[in-house]
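Take a look at the structure below.
The values are calculated or read from the model by the stated rules, or taken from the named source; none is laboratory data. Since we're looking at a predicted model, the values are computed, not measured. Backbone-built Cβ (ideal geometry, glycine too); neighbour counts: all protein chains shown.
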Amino acid sequence: MKYVLFDVAGTLLYKPSLYVKMEEVLRQYGFLVDPQTLKKNHKLLSEAIFFPDRTNADFYRHFNRELLYSLGILPTDEMLDAIFASCSYLPWEKFGDTTFLEQIEVPVGIISNFNSTLKEKLKSFFDVEFSDVFVSEELGVAKPSLDFYGKALQQIGIPASEIIYVGDSIKLDLEPALQLGMKTLLIDRDGHFPLQQNRIDSLTDLNKWL
């Protein structure tokens, strides 16, 4: 393989305090939710609901309402406001296994449904020099659109069959990348998708594909 392309949110970066904050709010309203169930439902819902480049209060009210329904909780406006207030602007952190990026000897790129602040965020977390950073807000098209991936492939200039794409979403990452001929790997650290054959538990597993 001649190039590795990565998603960002859920693949390289995450917000470790998100579920803790949600649990705290739900507990205040008398709901004791199993942490793993909360995490899994949140992940599965993220496969079904499209995240815009720049999220806002209305989006998260909608998303969290659906999340509460999935947990068997009847949402109220007060509860939704409390979740939003508690979970807004939480800090990003990098996954521990992202240190493996420093061992990759072929060019590494980024493709993400994110806003224009992504490039500076990446610099604050990684010493790795990314050959390309494709951001949906800047290109005017987003995952899972094939146009987004097509524009990235055109700029990279390497045949799709020589590229490994790593992401955490079957719908947004694996499906479109596969359609364009890339080799795809699902990073599934929590084992939410055991039926997916092209999955890895850690980025260190990439070593066998390079």
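Listed values, structure above:
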{"item": "One residue from TYR149, TYR165 being touching a residue at least 60 places away in the same chain (Cβ under 8 Å), within 30 Å of PRO194 (Cα to Cα) and among the aromatic types (Phe, Trp, Tyr)", "result": "TYR165"}
{"item": "LEU26 being of a type outside the set (Phe, Trp, Tyr), part of a helix (DSSP H, G or I) and within 19 Å of the chain's Cα centre (by Cα)", "result": "no"}
{"item": "Output for the range 89-116, where each listed residue is polar (S, T, N, Q), closer than 27 Å to LEU18 by Cα and modelled with pLDDT of 90 or more", "result": "THR98, THR99, SER112, ASN113"}
{"item": "Residue in the range 114-125 that is under 21 Å from LYS15 (Cα atoms), part of a helix (DSSP H, G or I), among the small types (Gly, Ala, Ser) and within 16 Å of the chain's Cα centre (by Cα) present", "result": "no"}
{"item": "Candidate set: the range 50-88, residues that are under 28 Å from PHE126 (Cβ atoms) and outside any helix (DSSP H, G or I); chosen: the one modelled with the lowest pLDDT", "result": "ASP53"}
{"item": "Some residue of the range 187-195 being touching a residue at least 12 places away in the same chain (Cβ under 8 Å) and farther than 23 Å from PRO16 by Cα", "result": "no"}
{"item": "Out of PHE134, PHE148, sole residue that is of a type outside the set (D, E, K, R), part of a helix (DSSP H, G or I), surrounded by 14 or more Cβ atoms within 10 Å (Cβ to Cβ) and touching a Phe, Trp or Tyr at 6+ places or on another chain (Cβ under 8 Å)", "result": "PHE148"}
